[in-house]
1. Name the residues in the stretch 477-508 that are under 24 Å from the mean Cα position of the chain (by Cα), part of a loop (DSSP other than H, G, I, E, B) and either of a type in the set (D, E, K, R) or under 17 Å from W410 (Cβ atoms) (or both), would you?
2. What about N119, is it out of contact with any helix residue (DSSP H, G or I) (no Cβ under 7 Å at 6 or more places or on another chain) and within 16 Å of ligand 2 (Cβ to nearest atom)?
3. Does the stretch 439-450 contain at least one residue that is within 22 Å of the chain's Cα centre (by Cα), among the acidic types (D, E) and under 30 Å from S332 (Cβ atoms)?
4. Please list, ordered by first then second residue, the pairs with beta carbon atoms under 8 Å, 6 or more apart or interchain, first in the stretch 609-626 and crowded, with 24+ Cβ neighbours inside 10 Å, second modelled with pLDDT under 95 and outside any loop (DSSP other than H, G, I, E, B).
5. Could you list, in sequence order, all residues of the stretch 344-376 that are closer than 14 Å to A504 by Cα and either in contact with a Leu (Cβ under 8 Å, 6 or more places away or on another chain) or within 16 Å of ligand 3 (Cβ to nearest atom) (or both)?
6. Of all residues being at pLDDT 95 or above, touching a Ser or Thr at 6+ places or on another chain (Cβ under 7 Å) and closer than 16 Å to N460 by Cα in the stretch 495-508, which is surrounded by the most Cβ atoms within 10 Å (Cβ to Cβ)? Just the residue, please.
7. Output the residue which, of all residues in the stretch 263-296 that are among the charged types (D, E, K, R) and buried (at least 24 other Cβ atoms within 10 Å of the Cβ), is farthest from ligand 1 (Cβ to nearest atom).
8. Which members of the stretch 241-262 meet the condition of being within 16 Å of ligand 1 (Cβ to nearest atom) and in contact with a helix residue (DSSP H, G or I) (Cβ under 8 Å, 6 or more places away or on another chain)?
Amino acid sequence: MIENRFSCRSQAYDAADDQPANQSDAATLGDLINARYNRRAMLKGALGVTAMSALAASPLALLASSTERGNPAAAQLRFSEVEHGVDETHHVAPGYSADVLIRWGDPVLAGAPAFDPYNQSAGTQRGQFGYNNDFIGYIPLPFGSGNSEHGLLCINHEYTNEEVMFPGLSLYDSEHGGVTKEIVEIEMACNGGSIIEIKKQDGKWKSVPDGKYARRITALDTPMAISGPAAGNPRLRTSADPTGKEVIGTINNCAGGITPWGTYLMAEENFHGYFSGNLENHPEKVNYERYGVPAGRYAWGKFHKRFDINAEPNEANRFGWIVEVDPLDPASMPIKRTALGRFKHEGAESIVNGDGRLVLYSGDDQRFEYLYRFVSARPVNPENRVANRDLLDQGILFVAKFHSDGTLTWLPLTFGSNGLTAENGFQSQADVLIETRRAASVLGATPMDRPEDVEPNPHNDRVYVMLTNNAKRTSDQVDAANPRAANIWGHVLELTPENGDHAATTFKWDILIKAGNPDSDGVAAMWNPATTQNGWFACPDNCAVDHQGRLWVATDQGKSWKKASGSADGIWALETDGKGRGTGKMFFRVPVGAEMCGPRFTPDDRTLFVAVQHPATDGTKDFPGFERASTFEDPATRWPDFDPTMPPRPSVVVITKDDGGVIGS
Ligand code: FEO
Ligand code: CA
Ligand code: CA
């Protein structure tokens, strides 16, 4: 019965999806500029600067200490695989250690109390690590140093799982029974992001207590500016903000990105779930229907009227953006960059193009939604990070149209052209951006199988696109780039810009793998035959390109894990070149009910940070021996503490090689 209630709630939330992974860090991007502009002299100069001016120094400096770069021996994947399976804990390849770095509820801000799940309040949670860690960014300290043993971690918190968070809330259902204002505000403080300073000492990574960069960003009380073409538009104005230029907080922060100038981009993904109310005669009816607003998953609108679309009709237009945060200045105000469009942004990874402009890729994670690219108007200034402050406010957003001949066209979302006109209800560029999805449909973009992470690889100038699954695609809806009906396994696309120009109108594309069991009839998987029975996966979600150009894929099968693979989620290395192309190799496995997020390497590739999200929740009725829904009192696992007084806790895990070597060497 309880299971039914839970599945009803998540089905209702998923139903909103039916209508319709990283990471170039500053080092890698800096290298690209370096290679392209051959400015070794400037690189030396940047290395000699003082700590203060290092904040304004070029990210080019990061490359200087990237020792393994270009070493072909290091690029081979030599680890022994983890086996497919599912149990209560995590597993890493032999010869590696996987240690918990920070857990939900651990103190982030100075003075925050230790976690006590029986006495949690919005006030305590405000200073503690949030729930469902997802994106992880690493910024070496000092900025520009390439330091792989001291840096900042920027971590997103995507959403909350009340049934395993709060004592006595096992009856949390679509009516939100038992949910109080305090619980809603704890949830609000659990969304957003955490910035922590970390240091490796005696071979082990530790948080720096009371670090000066420590910061919590929440949905509860973090003011944010709104900038770019939609800022100030009447459709963004509310009673609390008649200017349409300032909003409190950010929600459902899934993946993201780190820019070449060391800022942290937080993607707002499933924002529809936080709004309640009804759409009848609503001025934003057409717009909101396209995004599934209001899904009413959470009870926020009951206690905070801005999340009730009838009380505050425009608030939902102020979410679904990319938020830019300067982690090196804890007092700085985060900024929502409207030029990057409004949709269910999975992530925001970027690359510096040959002409110096920034090209940022972002998937819209919903069935039959689209793949986007933003090209900045101005080039990145590699010498002065402050000069890039508003670079993301000007440029062109494009959407992808895939062709069956193996090419794709990037279509510009520019007001006044190609039907993005008053005739179709667009009065300005602001309208095009607020209703990005509808504008992209007018242009004839290709509906995809849920685009998740998109990662450019600066070593070969290709771009990897994780398409996680789409059970709803029918056989008459298949196309060359989304070739399977009822695709519960997902696939990975590889895009190749013409002449390495990420701003080019036309790219080539190819399918790298079609996920699922290669030995199973009816799956039509596609893998290199060298892939072992542990090397294949289902539902690619987040990904990372390490500093040798190797691709690592993290999976999220959700509650359908049993059907998709029968094994828990994890991380796989996926070869992209040579005779090994298309070979997967399992490296890490998460505990039951969790998904794998946030893979991020230090510049020396000797540390891999991963985020274990929502342990004990997804599909536990299929976990042999447990076979029921988890609750706070009765979870499928109490990972990572295994303490009978502690619930399961989403946590960041640090993976290092026991001999101190490069991950995967
Ligand atoms: Fe938040 Fe699309 O994963
Ligand atoms: Ca994801
Ligand atoms: Ca996902």
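The values are calculated or read from the model by the stated rules, or taken from the named source; none is laboratory data. Note that the structure is predicted; figures quoted are calculated from it, not measured. Please note: Cβ atoms are built from the backbone with ideal geometry, for glycine as well, and neighbour counts cover all protein chains shown.
1. A481, H502, A503
2. no
3. Looking for residues that are within 22 Å of the chain's Cα centre (by Cα), among the acidic types (D, E) and under 30 Å from S332 (Cβ atoms), one finds none in the stretch 439-450, hence no.
4. Close Cβ pairs satisfying both conditions: T617/E163.
5. I351, V352, L358, L360, Y361, Y372, R373, F374, V375, S376
6. Among those residues, the one meeting the criterion is F507.
7. Top of the filtered list is E268.
8. Passing the criteria: I251, N252.
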